[in-house]
Structure formats: structure tokens, C-alpha cells
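Novice: Following this message is one structure expressed as C-alpha cells.
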Amino acid sequence: MATLVTGVPSSEAAAAAWPEVEASDAFRLPLLPWEDVYLHVKRIDNRRLVRAGDPAAWRMCWRAIRGALLALGLLVVILTPGVLSRIEAHRLAGLARQHQALVEKRSELELEEAAALSPARLEQWARSLELLDPAPGQIHTLNPSPAHGAAVHARLR
Amino acid sequence: MDGQAERLRTTRLFLLAWGGLLWAIVILLRLVHLQVVRHAEYAQQARAQHIRNIELPAPRGAILDRAGRPLALRRRLDSVYVDPRHIPDSRKAAYLLAGPLKLDPEDLYQKLESARRQRRGFLWVQRRISPEQSESLRSLRHNWIRFQPEIVRQYPKGTLAAHLLGAVSFDQQGSSGLEYSLERELRGRNGRLKILADVFDREVTRLDPGWAEQPEPGANIGLSIDERIQFAAERELQIAAEAEGCWAGSVVVMKPDTGELLALASFPGFDPNQPPRNRQEAELRAHNHAVSVPFEPGSVFKVVTITAALETTNLRPETVIPCGNGRITLYGRTVRDHHSYAALPMADVLAHSSNIGAIQVGLKVGEDRMYEYVRRFGFGSRTGVPLPAESKGRLRELAAWQKTSLASIAMGHEISATTLQLARAVAVIANGGLLVKPKLILWRQRPGAAIQPEPDQPPVRVLRAETANLMRRLMEGVVLRGTGRAARLDGYSAGGKTGTAQIYDPVAHKYLHVYNASFVGFAPAVSPAIVVAVTLRGARHYGGAVAAPVFRKVAQEALRLMNVPKDLPESPADDRTPVETNDLAVADLGSPPEEETATVAELGDPPAAQPAPGYASAAVIPDFQGKPLPAVLRQALAAGLQIEPVGSGVARAQFPEPGAPLLPGARVRVVFAP
């Protein structure tokens, strides 16, 4: 579809097209610019048109695509190691921070464990739970044999 | 006219172009001057403004006991500081900081204002705050509150082994104990890091991809100490010292065969996690009584005298020694005994701790040989334990001995020794005659390296094995029937010697009626697993009454913890009531020495050795020679003897010899061979 200017009438024709008015009519409005232009829409049926092949354009197009892909590939090849190393560096830095935090946490826990297992504290707990050593008379050696002493001595040597 | 106007316009354009070019040249020259000529200077200034060198403190090595239980560790704490120039409102800041840190806000405000007036860019608010305080301040998210991490020493067991471990100063330098003597190994090497800082001195980035200089942590040290035995020693020492009103004391527990120290306790203790409150406390911390403070050992030293006699004279345990009814005068000096014995077998001289008997034995030994044996037992020289300020005691050179020195030294006067030296001397008897070097460090581990065991020092034989075994029997007699009955153990045989020496007041120039009470012993008596030395300074009772019970409790617990098999049936009967504990080695109480005119020769030798009348009619040790082990055991059982068998086959030798008097609790060492 296209829009065409169908005709540009001359000033004389325009004057003839309009009814004659008196020249003394000072209040008559002048024509607006292009007021006398008529637009006509004409439908063009180009369904039967066939695009003619342009091998040179196709070659240029593919060349451009190949060039762009090659440039992109080169860019990727060039930038990938840097990007990957940067990502790895961030990951390593994160792991290092995590490692440091874990080391500090372990130190804290070791410290707490050592304090919790101190003999003084264990003895305090033992006393509170009445876990006392048996008195000498409460211990009985089972199956004492006459040679027990000598055997023990021999084992100790 | 048109041509003239055109020329004028051209001239103006020409001048404008030259002006612009000149300006560009000036700018260019200035740039060259700044960026090329003065590049180094400005680069240096920029580095100084933006690059910070941060010192990374090396983590201090850990100290562990023989089972790997930590005794000293490190901990990361934050210290908080501010830049007063960047604080918007000092008063608000002071109140903001003072709350979590529990500081006086007005005091802090004054400090902030003072620092701001002096245009200082740094002010510590508080060092080494707790993690909770740090978290609380960090949550405020003010960029003028800054944190500096610091690695500090922590002693998780509190006062346990405080004198042994020592402490560190505020700047984490070892100030006493092992922390001081092993400072170079424990400290490690600090690292350094360069960072790019912004205008607020915050880290923007690290200039180096990693550590510029990585800190090298200090080595971990494994001690021979067993924290459970150490705790038992400290606990019993403290109980006894406080009950007796002593101002100091020490306990040493040692393995006699290797010299490994299982406990090294010193009273009074302290908490190394807290800084000393005053100068006196700082001095107290520096005195490890077990190794740094020698004292007159008193009767404990009679062990050396009797040993020297057994090795160098014809005196035997059954030899009767005249005791002068408790009084002897030497070169005008009178020495009194605590009991009036007319005569005692030498075994009983030790058991009852007779001063006169020990003097007589010492005179028989003689100065030269006595001096030699005192040195052989390690007195007068440092043991070499890696602790600072170890004392070698006091042993005068032989040439400096006075005429009465031999008598004094024979009963433990005119000589001073540390508790550690006493333990080492008794270890010689306990291990069969070998002088061992006390061993405190079992291993070292440098960062990233394997554990390196501490090499053993070969022991030196200083006594014959027979003499050492005989002394073990004699010292067992002290515990069974002498002044050391309070040291009897449940289920274990034990030997030892009590000691009580008056403390000399150098100001008043007289001996006080407070004592150095001591006990040195070993257990089990047949094959000693431990040697325990106990010293209480300022005791009001004798060593057999106050130090022997400490030995008993410490040895009992140590043997249990070490899983040493019992060698005696456990008896509920408490037969530890001392018949006598007075073993005071009193030399010339109250009277100054008179002019020494007599010589040793004038005194003459003590009477010749005679069999003890009391032992003449007693049972004697049977002859086991030529008999196999079962027969020997049956015969010994019938005689109430305990046998110490060595080797296999038939009995080839025995000690004591057949026919020797049978002392109560005696053991016979029988050597079997094919």
C-alpha cells in the first residue's frame, strides 16, 4: 500500500475550483498550505513479486556472521582464563576466610574443651556427684596367691 | 579596507593559536615534570599515604602434657581503637563505646578530647576485648571504630603448673618458666603484609596475591608432665602448706629410670592468665621453689652419707654405730640428737634418723670420699632442666671445708640443694645406681614438620647396683619402722627418708623454730616407678609428720594413674602412726662455733663395726644358692621373705648374703643363671 499525491493544482485551478467570492470580503480566510492537496490510497498487490537472489549480499552477510562469531570466540578464549581465575580467586578467598574462621573456631573449642576437662573442674564435678575414691578397706584383691608378690616383682623387672 | 580587516583577523587568529599552543606546552611540561622528573618522590608519597605494612603476629606454639592435653594455647582476641579526628561527636562516641566495654564514659570522653586536641590519629580504647564485646561493637557499624586482631596466650587449666609453664608479658614475650626459657622456639616468626588503604585507613585490597611474608607459627612442645599427677601434687601441697602455715613448698615427681618429670609443683601458685598485680607478685612468680630456691636438706641427706659408707667403708647395715647417748662434741661444738641412743645399727641410724650416728658414719667415710659422693649424687651442679634461674645449690669446694663441715654435711647441714636435686639423688638409688638427667621435654613439633622426640641423655653410673638395692631396702625400713611411717602406701611398698632442718635467720643470726620439712621417697620399693620429693618451708612440725603424708597421697594417686600393679595386699589397717617423727638435724643450737683447734685426726675413727646385739639372735636370711626358682619361692614364703628374682635357671648369687640378719620387710635379690 502506498500513499501518492494525486495532483497539485495550480493557483488558477484552485481559484476556479472554489466559488467566486467577492474581493471585498476581507474576512475570508486564506487557504492553508497544502489544503488543496488530496491524498489517495492505492493498494498495490505485490504478491506475485519474487525476490531475486543476491549471492554477493549473501556472502557478505555470512562473512559478517563468521567474522562476528570468530571475534566472539577469540574474545571468549582471551577472557575466559581471566574470568575463570577471578572466579576461582573469589572462591579461594572465600574458602581461605572460611578456613581461617574454622581455625579460630577450633582454637576456641579446644580452649573451651581444655578448660572443661581441667583436673580441678573434674574433681569439683566428682565431688558434687559423690564420685570418690574407695577407702583402702573397701578394696579386696581377688584370688591372692602365695607367689603373687614374686610374680608381680618378676613382671615389673 | 577589506584587505586590512582580513589581515587583522588573521593576526588575531594567529595569536590565539600561539597562545593555545603555549598553554598546551606549559601543561605538557608540567605533566612531564610531575610524572617523569618527580615520579619517584610522588610515588613514594602516594605509597606512604595509601600503602600500609601490617605485621602479622606469629601464633605462639602450644605446650602440652605427656598425653597431649593442652596446658598453654593461643587465642585470637580483638583490640579496639579509634581515630579521634574522624569521630563526629566525642561525647556520644564515649558513651557508645563505654557501654559494651564497661568503661567510665567521662574518663573515655576526656581521653578522646585530649587526643583530638593533639591531632592524634590513633587511640587505643581497650586491648584484648572478649568476643562478645567485639561482636557488640561491630554491630554498631561505625567506621571510626576499628579493630586490631591480636593473638594472646591462654592457660586453660588456670593455676595448674603455673610456675612450670611461666607466663607471658603483655606484648606476648615469655617472662618466666618455660615460656621464658623456650621463648625462641615458642614465639615463631612474625609475618608482614602490604595493603592498599583508603582515606579511612580501611583495607581496599592486598597488594600481593597472597601473604607478603607468611608468619611462621612457634613450635609445639610436649612435656613429660602428666597434668593429673601435677594436679594431685599441687592439691596435696597446697592443703599441707596451708594447714601448716608454710610460706612455700614444692613437690617433684620423677620417673627414676628415665628422669622424666611427671610433676613439678611449687607453692604458692598463681594464675598466669592474669597479670601480676604488684611487684611482689611478679617476684613471686619468678621463684619456682622446686628448682630455683635451695635449702638445707637436713636428714634427707643422710641417704648420701650412708650410701657413701656402704660403697667406701666396711660398714654394713647391721654394723652398730655408737650414738653417744644423743650428744657429741666436735672441735668445741656440741651436736645433740633428738633421742638419746647409745648405739644403733647403721640401718636404724637411717630409719630413726640419728644425727650422731650419721656424723659417726660420715667421719668414717672421710672428707674426700664424702665430697666425691656428694658430687656423684649431683649436688653442687645444675640438673640441666630447661627452666630459668635453676640453682645449683651450695656445696663448698673441699678446700673450703671447715673442720666441722664433714659432720655437718653428714646430717645435711652446710649444704643446700633444690627439691629437684634431691629427687634426682634418690632416683640414683631407685634406678640401681644411675645418675639421670631430669627430662622435662619429650618432643618438639615445628609447624608442618613431624614430631621430633627429644634425645635421651645417657645416664651415668655413680653407684654399684648392689649398693643401690641395699639402700632401697634401708630406705624401705624408714617407711616401715622409722620416721617415715606416715608415708606407707596402700597396696604398694615404698621407701624414703624424712628430713627436718631448722631455718636460719640471716638477720637475727640464729636458727628459728620453723623447719624445712621434707620427704624424699620412691615406690614400689622393689622396682620403683616413681620418685617423689616433698619440701615444705616454714613448717612447724617435722618432715615425717607433714611431708610424708603428702608423699603418700601424691605417690598413691600417681601409681594409680600410671597403672602400676600393686605389690602388697591392700590393708585397711592404718599403721601409719609415726612412732617418732623427730629427725631434726640440729647443729649447735644457739651457741656460735668456738675456735676450732682440733683436727679430724684427733677425734679418731669411730669404733670398729660390731654386729648389732639385737640382730644376733634374730632370724637370718637363708641360703638360696643352687636352688631353682620354685624352691626358692617356697623357702622364702616359709621364712616370710620377699624375693626379687633376676634371670632364669638356678640361684647363683643372692643379696644380702646368707646368714645376714633378717630385717622386717626385707627383700632378697636372687640372681638366677643356667
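Throughout, read-outs are computed from the coordinates displayed, never taken from laboratory work. Bear in mind that the values here come from a model prediction, so they are computed numbers and not experimental data. Cβ: placed from backbone, ideal geometry, glycine included. Neighbour counts: every protein chain shown.
Novice: Two decimals is fine: what's Rg over Rh for the range B:333-467, C-alpha atoms, Kirkwood radius as Rh?
Specialist: Values: Rg = 18.6 Å, Rh = 17.2 Å.
Radius of gyration over Kirkwood radius for the range B:333-467 works out to 1.08.
Novice: Next question. Counting other C-beta atoms within 10 Å, and keeping those with at most 11, which DSSP coil chymotrypsin sites (Phe, Trp or Tyr not before Pro) do you find in the range B:6-67?
Specialist: none
Novice: Local charge sum around B:GLU55 (other residues, Cβ-Cβ under 10 Å, Lys/Arg +1, Asp/Glu -1)?
Specialist: Working: positive: B:ARG192; negative: B:GLU213.
Neighbour charge sum, excluding B:GLU55 itself: 0.
Novice: Sort the protein assembly as shown into rounded, prolate or oblate with this rule: let a ≥ b ≥ c be the square roots of the eigenvalues of the Cα gyration tensor; rounded if a/c is under 1.5, and if a/c is not under 1.5, prolate when a/b is larger than b/c, oblate otherwise.
Specialist: Judged from the Cα gyration tensor, the protein assembly as shown comes out prolate (a/c at least 1.5, a/b above b/c).
Novice: Next question, about the same structure. How high is the relative contact order of chain B, in percent, with contacts defined as C-alpha pairs under 8 Å that are six or more residues apart?
Specialist: After rounding, I find 12 percent.
Novice: Going by how many other Cβ atoms sit within 10 Å of their own, how do B:VAL291, A:VAL77, B:VAL80 line up, fewest first?
Specialist: Ascending Cβ contact count within 10 Å gives the list A:VAL77, B:VAL80, B:VAL291.
Novice: Something else now. Output the direction-averaged projected area (hull surface divided by four) of the convex hull of the alpha-carbon atoms of the range B:404-484, in nm².
Specialist: Averaged projected hull area, Cα only: 8.0 nm².
Novice: Now for a different question. I want the antiparallel fraction of DSSP beta bridges within the range B:53-223, as a percent rounded to 5.
Specialist: Around 95 percent antiparallel, to the nearest 5.
Novice: Using 18 Å as the Cα-Cα cut-off, could you pick out the over-long pairs in B:LYS255/B:LYS437; B:LYS157/B:LYS437; B:LYS403/B:LYS497; B:LYS392/B:LYS553; B:LYS364/B:LYS497? The partial results should precede the final answer.
Specialist: Values: B:LYS255/B:LYS437 11 Å; B:LYS157/B:LYS437 28 Å; B:LYS403/B:LYS497 27 Å; B:LYS392/B:LYS553 29 Å; B:LYS364/B:LYS497 21 Å.
Among B:LYS255/B:LYS437; B:LYS157/B:LYS437; B:LYS403/B:LYS497; B:LYS392/B:LYS553; B:LYS364/B:LYS497, the Cα-Cα distance tops 18 Å for B:LYS157/B:LYS437; B:LYS403/B:LYS497; B:LYS392/B:LYS553; B:LYS364/B:LYS497.
Novice: Taking every pair of alpha-carbon atoms in chain B, give the share separated by more than 47 Å as a whole percent.
Specialist: Summing the P(r) of chain B above 47 Å gives 37 percent of all pairs.
Novice: Moving to a separate point now. To the nearest whole number, what is the average tally of beta carbon atoms from other chains within 10 Å of the beta carbons of peptide B:561-568?
Specialist: Across the residues of B:561-568, the mean count of other-chain Cβ atoms within 10 Å is 3.
Novice: How many percent of Cα pairs in the range B:227-610 exceed 37 Å?
Specialist: Numbers: 12038 of 73536 pairs.
The answer is 16 percent, as a whole percent.
Novice: So what's the Cα pair-distance distribution over the range B:1-143, bin width 10 Å, in %?
Specialist: P(r) for the range B:1-143, in whole percents per bin: 9, 19, 17, 15, 13, 10, 7, 6, 3, 1, 1, 0.
Novice: With N denoting the number of residues in the range A:86-136, provide Rg(C-alpha) divided by 2.2 N^0.38 Å, to two decimal places.
Specialist: Values: Rg = 20.8 Å, N = 51, 2.2 N^0.38 = 9.8 Å.
So the range A:86-136 has a normalised radius of gyration of 2.12.
Novice: While we're looking at this one, here's another question. Quick check: net charge around B:ASP505, other residues with Cβ under 14 Å of its Cβ, Lys/Arg +1 and Asp/Glu -1?
Specialist: +1
Novice: Quick one: work out Rg over Rh on the C-alpha atoms of the range B:82-221, Rh as Kirkwood radius.
Specialist: 1.04
Novice: Is the shape of the range B:131-170 best called rounded, prolate or oblate, per the rule: a/c under 1.5 gives rounded, else a/b larger than b/c gives prolate, else oblate, with a ≥ b ≥ c the square roots of the Cα gyration tensor eigenvalues?
Specialist: prolate
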